[in-house]
1. Using mean Cβ contacts within 10 Å as the protection proxy, how do 171-180, 84-93 order, highest first?
2. Can you work out the FRET efficiency for the pair Gln147 and Ser112, with r the C-beta to C-beta distance and R0 = 41 Å, to the nearest 0.05?
3. Residue by residue through segment 125-133, which ³J(HN,Hα) values in whole Hz follow from phi under the Karplus form 6.51 cos²θ - 1.76 cosθ + 1.60 (θ = phi - 60°), with glycine and proline marked x?
4. Whole angstrom only: what separates the Cα centroid of segment 17-35 from the Cα centroid of segment 116-148?
5. Among Ser197, Ser110, what's the order by accessible area (1.4 angstrom probe), most exposed first?
6. As a test question: what accessible area, to the nearest 10 Å², does His41 have when a 1.4 Å probe is rolled over all protein chains in place?
7. Tell me, what is the FRET efficiency for Ala158 and His240 to the nearest 0.05, using R0 = 51 angstrom and their Cβ-Cβ distance as r?
8. Solvent-accessible area of Glu218, probe 1.4 Å, all protein chains present, reported in Å² to the nearest ten, please.
Amino acid sequence: MSRRAPNRVGRRALRVAALATAVVAGIVIALCVGTDIIVAHNLTATADQRLAERIDKLKGPGPPTAAVILQGAPPDHDHDYDQPVVAWLVAGGRVIDGAGAPQLPPTLRSASAAVTAPIAGTSFRVAGADAPTGHVVVATSLAPVSQALGDAIIGEAAFGALLLVLAFGGALVIGRRVAAPVEEMRRRQLAFTADASHELRTPLAVIEAEVSLALSGEPRIGAYREALEQVGGETGRMRHLVEDLLWLARLDDHPRPPSAEPVDVSVVIAGAVERFRAVAARRDLQLRVDIPDGVATIDAPPEWVDRLAGVLIDNSCKYSPAGGVVTVSVSQHRGGHVQLSVTDQGEGIAQAERPRIFDRFHRATSTGEGAGLGLAIADAIVKATQGRWEVAAGPGAAGTRFTVTWPRAPG
């Protein structure tokens with residue numbers, strides 16, 4: 001991955017983390033506001049209940065003196081946030097008793113239902129009711145409500161900050177994990193497009209040159225024939241390249257086998273070997289086959305296994321020297337696996353090249369022909385059919401052995 005790729009992944013991860021944190025922040029704020037409203041409502045309702053109870057006591061029988069009023073409303077502290085209740089006795093619009101209580105504003109002297117109002121610069125909850133001796137007004141400070149809300153806001157701020165930090169960190173990690181494969185796929189697609197363009201450019205240039213050369217000289221049947229033969233060869237090369245590209249594109253779109261079914265690898269390999277005997281004979285190669293008795297069944301589309309065998313046998317025939325031997329074998333193991341091995345006697349693959357031999361358009365050697373898509377197709381088939389590769393040197397450290405192992409099909 002290039003230097004720009006990590007930066008691009010980091011920027012995308014930051015955007016994802018910022019968006020996720022913003023969403024979490026919105027949810028947290030909404031929950032905190034809702035919680036604060038509920039807390040304030042419950043505390044206010046508790047204050048109203050205490051005022052109603054105190055009014056009931058003050059409306060009882062007894063002389064209307066301030067001492068009796070205060071004795072009828074003794075301060076209590078049953079709750080952490082409770083404040084003492086203060087009381088006034090109003091008659092004729094004037095306060096006639098209210099010892100120890102702040103001055104009652106005229107607008108509150110006829111209060112009945114509980115309301116919130118300022119008294120002496122402090123917010124109070126005020127309620128009142130008529131009594132036989134006048135109008136009783138009681139009030140309690142709302143400072144406990146403000147204190148409770150303040151405590152709740154401090155706790156919510158601390159918890160919210162911690163939650164947002166965790167949300168940002170988690171989203172950043174997840175964003176990087178999600179963005180990295182996407183960026184790698186984008187990079188591979190760009191490289192794939194560039195390599196495909198390069199591979200297609202060469203035969204197109206040859207075709208254009210041959211046509212231009214044939215048309216520039218004097219008309220000759222032989223020259224036209226040579227040009228057409230060259231054009232035909234390059235056209236065939238382009239056709240094979242385009243078919244391979246389309247095959248890989250379809251596999252990228254649907255990486256799983258379209259119709260996996262039990263297939264006997266021995267039967268498929270036997271047919272592929274017979275198809276390549278003429279190719280091996282033209283190159284003066286001996287094609288040996290080792291197929292056991294019985295069935296070696298795996299779950300895979302038969303045409304995919306045939307394509308895989310064709311790639312491996314074709315490569316072995318290309319890179320084996322004249323007079324060499326290409327060995328194709330199928331074996332079964334007690335562990336419930338089926339193996340396909342193709343061994344050639346070519347130059348072998350350097351250890352440093354082996355990690356890249358399945359990359360598209362990568363060729364581990366300059367000898368032979370091809371665009372470097374055969375092993376990429378083979379690798380895609382092996383992965384899609386739940387197989388695994390083993391690439392090693394052939395017997396006596398000569399040549400290369402490609403081995404594919406699949407789980408045997410049940411039954």
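The values are calculated or read from the model by the stated rules, or taken from the named source; none is laboratory data. Treat the numbers as computed from the prediction; the structure is a model and nothing was measured. Virtual Cβ from ideal backbone geometry, glycine too; neighbours counted across all protein chains shown. Ligands, DNA and RNA are excluded from the accessible area calculation, which covers all protein heavy atoms including side chains. Shrake-Rupley method; radii C 1.70, N 1.55, O 1.52, S 1.80 Å.
1. Ranking the peptides 171-180, 84-93 by packing returns 84-93, 171-180.
2. 0.90
3. 9, 10, 8, x, 7, 6, 10, x, 9
4. 36 Å
5. Largest accessible area first, the residues go Ser110, Ser197.
6. Counting only protein heavy atoms, the figure is 120 Å².
7. 0.15
8. 150 Å²
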